[in-house]
Amino acid sequence: MINKDYLKNLNEAQKEAVMYLDGPLLIVAGAGSGKTKVLTSRIANIIKEKKAFPNQILAVTFTNKAAKEMQNRVSSILGSAAVGLTWLGTFHSICSKLLRKHASAVRLNSNFTIVDADDQIRLIKNICKAENIDIKQLSPRFILAIIDRWKNRGYYPNEVIINKKDIYEKTVLPLYKIYQQKLTELNSCDFGDLILHTVKILEKNPDIREIYSKNFKYILVDEYQDTNLIQSKWLNLLSEKNENICCVGDDDQSIYSWRGAEIKNFLEFDKVYKNTKIIRLEENYRSSQNILSVASNLIANNENRVGKTLITKMDEGDLVQLNCFKNGKDEAIGVSDEIEKKIKKKYSYNNVAILVRAIFQTREFEERFLKIGMPYRILGGTKFYERAEIKDCIAYLRLIYQEKDDLAFERIVNNPKRSIGDSTLKNIHEFAKVNNLNLERASKNMLEKNLIKPKAKMGLSFFLNSLNKWRNDLQIKKSNHVKLLQIVLDESGYSAMLKNKKDIDNENRLENIKELLSAMKEFDNLETFLEHVSLATSIDQEWEGEKINMMTMHAAKGLEFDVVFLPGWEEGLFPHQKSIEEKGQSGLEEERRLAYVGITRAKKRAIISFSMNRFYQGDWIDSMASRFIEELPEKYLEKNSFFDEENINDDDFEFNQDFEFEESSRSPGWLRYQKRIK
């Protein structure tokens, strides 16, 4: 049964966006304006009005967390009808699903492996070694960044046109060709391939494109401002037949150009899709009016934007606080004092966040919080599925699932130790290359031909026999994937390795593996579990216990907190010097959008601060207040100075003469100044 009240709590603009069902639609959704509610209500309305069956609706998000939230909300409206929404998920998960159906079109098998960042780096290292490329001169991460950039633009190796201004592309292109060929041989693809391969299949096979373009009567896209060129092309191909594409986003929150996001996808949507209707969601349900006024005045300084004005029916709330400190250490003390004396009396630690521009800024806060015993968490640290012991377990399961996974083979063939050293592994690699075999097959052949040294022979034979036995457990004995991992850990000696070495780290690793086994129970089989692990996104986090949240502003996007501290608003740090040097005006505008994102994470209180000195890379540097501070409207601010001004004379500073010196804001910290303490 469909809950018919889904339109009841929508404002007029939201209702219009939900009811408009014919043709392309761009929803400009301001921060906290209820875009998820609109998307889920729109899906319900499409089904209620019998415009499409659930499996004819494609709904795309960027993170698993967002996809799960949308699925839950749609289920609460549609009930059992939501079961048919089989095409609701992230870009990568949906492309993975499409690609598995048509893998043969790009010379892959349907059980291909999705490699992660560590596997990519190891693969590039191997290629560089074979091609005599010094990875100290050209790092694997840098090589992969260039390859990813090409994939985001839709280029296979033979389609790349080298940018003559980039001195590295000429060296990287041959590596890209080998890398891509190797992925195919391994029956693998990286995250970039999931979308790239799918787009190529749709472009080169009109019959396949027509099937999906006809089927998807409605397409809905969340966070459209974060799409890159290849994602935009994918959507364009799938919407070719019906053109009922609805994209939701906020150009003022486009902060991921460094990941390939193209803001012009959003700004030029109405040029790509003719007869586009634009609806603005401008009523904010998150923040007080004072916070919104500060954020709106700041972002109005950007030229490249669709434009909107955020309003709220909430109270004006507290003024936005603007604090000046003598140095970074005092800033950390000031923030902790504010939390202890005022904030914690009214708000849970979980609803307090410190958002920084650069991750190094957390150090002083961490030291201060540790000193006074204030609990905190850093969001953006090592994630669960990225921990070494978890990756080892996954590698075992991946190799059992398909023998071509050479990257998994490399990781676990000598883990725990089986006397299979680097020289043996090198010999296996060379034999595999000459005979066009995967590493497991090459190992078997070398054992049969007695080409493995006696010491390594026993360990390698044990490992290969174990693999055969575990595959038999999975396929013949039908052991479930949870039981299978328990068997693997026991029989491989991995559990014993951790148990025999008694220390805190190994105890934690064992606890993590127990948690992994619990997590695996939520999945029907090994295939779905491995798919989940491959597609797990960085936003997924554990939120246990009462703790202050610390993270970068980039990591905070999509989150909200009652109280938000925004420290370090100084020139060179924020806006970041590198962004301005590399991208000029567009870089500055993206930094301003980042400031806008930071401020609009706050529901009740926002506290911005800067310091006059900062300890950076082993030295004290004099600071200059961020140009963004000048753009904050004074009538919505409460200014505070946290240093002894009586002992500071104006003669001790050299000011930029472009600014008037106002008696109302006497502290030199309030001006954008260039100072040098004599």
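The values are calculated or read from the model by the stated rules, or taken from the named source; none is laboratory data. All values derive from a computational prediction rather than experimental measurement. A quick note on method: Cβ atoms are made from the backbone with ideal geometry, for glycine too, and the neighbour counts reach across all protein chains shown. All accessible areas refer to the heavy atoms of the entire protein, side chains included, with ligands and DNA or RNA removed. Shrake-Rupley method; radii C 1.70, N 1.55, O 1.52, S 1.80 Å.
Relative contact order (percent) for region 231-349, with alpha-carbon contacts under 8 angstrom and 6 or more residues of separation? Let's see the in-between values first.
On the way: 63 pairs, mean separation 25.0, N = 119.
Here the relative contact order equals 21 percent.
Quotient of the Cα radius of gyration of region 391-532 and 2.2 N^0.38 Å, N being its number of residues: 1.08. Measuring between alpha carbons in the structure, the pairs from K345/K603; K101/K125; K8/K214 lying more than 25 angstrom apart are K101/K125; K8/K214. Accessible area per residue (1.4 Å probe, heavy atoms of protein chains only) ranks R100, R363 as R363, R100, with the largest value leading.
With a simple spin-label model that places each label point 7 Å from the Cα along the Cα-to-Cβ direction, the separation between D524 and E386 comes to 3.1 nm.
What net charge is computed for the residues neighbouring I580, neighbours being all others with C-beta under 12 Å from the C-beta of I580, Lys and Arg scored +1, Asp and Glu -1?
Working: positive: K578, K583, R592, R627; negative: E571, E581, E582, E589, E590, E591.
Local net charge: -2.
Ordering 277-283, 78-84 by mean Cβ neighbour count within 10 Å, with the highest value first, yields 277-283, 78-84. Each helix, a run of at least 4 DSSP H residues, gives -39500 (n - 2.57); summed and divided by the residues of the chain, these come to -14000 deg cm²/dmol at 222 nm.
By accessible area of protein heavy atoms, probe 1.4 Å, what ranking do E12, E366 get, highest first? Before the final figure, lay out the partial values.
Values: E12 135, E366 50 Å².
The ordering from most to least exposed comes out as E12, E366.
Positive end of the dipole of the chain (Cβ unit charges, origin at the Cα centre): among N302, V564, L485, the Cα lying farthest that way belongs to L485. The residues of the chain expose on average 47 square angstrom of accessible surface per residue, using a 1.4 Å probe on protein heavy atoms. Averaged over residues, the count of other Cβ atoms within 10 Å places the peptides 578-588, 104-114, 253-263 in the sequence 253-263, 104-114, 578-588, highest first.
Keeping the other protein chains in place, figure out the carbon and sulfur percent of the accessible area of the chain, with a 1.4 Å probe.
48 percent
Measure off 7 Å from each Cα along the Cα-to-Cβ vector at K469 and E491, then give the distance between these two points in nanometres to one decimal. Result: 0.5 nm between the two label points.
Other residues within the sphere of radius under 13 Å centred on the Cβ of K469, judged by their own Cβ, net out at -1 (K and R +1, D and E -1). Beyond 18 Å in Cα-Cα separation lie the following of the pairs K182/K453; K277/K313; K342/K604; K65/K264; K170/K233: K182/K453; K277/K313; K65/K264; K170/K233.
Tell me the net charge near D118. Cut-off is 10 Å between Cβ atoms, D118 excluded, with +1 for each Lys or Arg and -1 for each Asp or Glu. All intermediate terms of the calculation are to be shown ahead of the outcome.
Values: positive: R122, K391, R411; negative: D116, D119, E386.
Charge balance near D118 sits at 0.
Does region 298-357 come out rounded, prolate or oblate, given a ≥ b ≥ c as the square roots of the eigenvalues of its C-alpha gyration tensor, rounded meaning a/c under 1.5 and, failing that, prolate meaning a/b above b/c?
Details: a/c = 2.58, a/b = 1.51, b/c = 1.71.
Note, shape of region 298-357 comes out oblate.
Here the spin labels are modelled as points 7 Å beyond Cα on the Cα-Cβ line, and at E581 and T184 they lie 4.0 nm apart. Measuring r between the beta carbons of V272 and E131 and using R0 = 60 Å, the FRET efficiency lands at 0.90.
As a length-normalised measure over Cα pairs under 8 Å and 6 or more apart, the relative contact order of region 361-482 settles at 19 percent.
Qualifying trypsin sites (Lys or Arg not before Pro) in region 411-518, where qualification requires a DSSP coil assignment and no more than 14 other C-beta atoms within 10 Å, comprise K417, K449, K477, K478, K501, K502.
Which of rounded, prolate, oblate describes region 1-95, given a ≥ b ≥ c as roots of the alpha-carbon gyration tensor eigenvalues and a/c under 1.5 marking rounded, otherwise prolate only if a/b is larger than b/c?
Values: a/c = 1.40, a/b = 1.11, b/c = 1.26.
It is rounded, given that a/c, with a ≥ b ≥ c, falls under 1.5.
Annotation: amide H-H contacts under 5 Å for S641 (H modelled 1.01 Å from N, sequence separation of 5 or more, or interchain): C324.
Equivalent-ellipsoid semi-axes for the chain (Cα gyration tensor, √(5λ), whole Å, largest first): 46, 34, 25.
Classify region 120-201 as rounded, prolate or oblate from the Cα gyration tensor: take a ≥ b ≥ c as the square roots of its eigenvalues, call it rounded if a/c is under 1.5, otherwise prolate when a/b beats b/c and oblate if not. Mind dumping the intermediate values first?
Numbers: a/c = 1.96, a/b = 1.22, b/c = 1.61.
Cα axes put region 120-201 in the oblate bin.
The charge dipole of the chain, taken about the Cα centre with unit charges on the Cβ atoms of Lys, Arg (+1) and Asp, Glu (-1), comes to about 3160 debye, rounded to the nearest 20. Taking every protein chain into account, the 1.4 Å probe leaves D134 with about 70 Å² of accessible area, to the nearest ten. Across E589, E511, the residue with the most accessible area heads the list, and the full order at a 1.4 Å probe is E511, E589.
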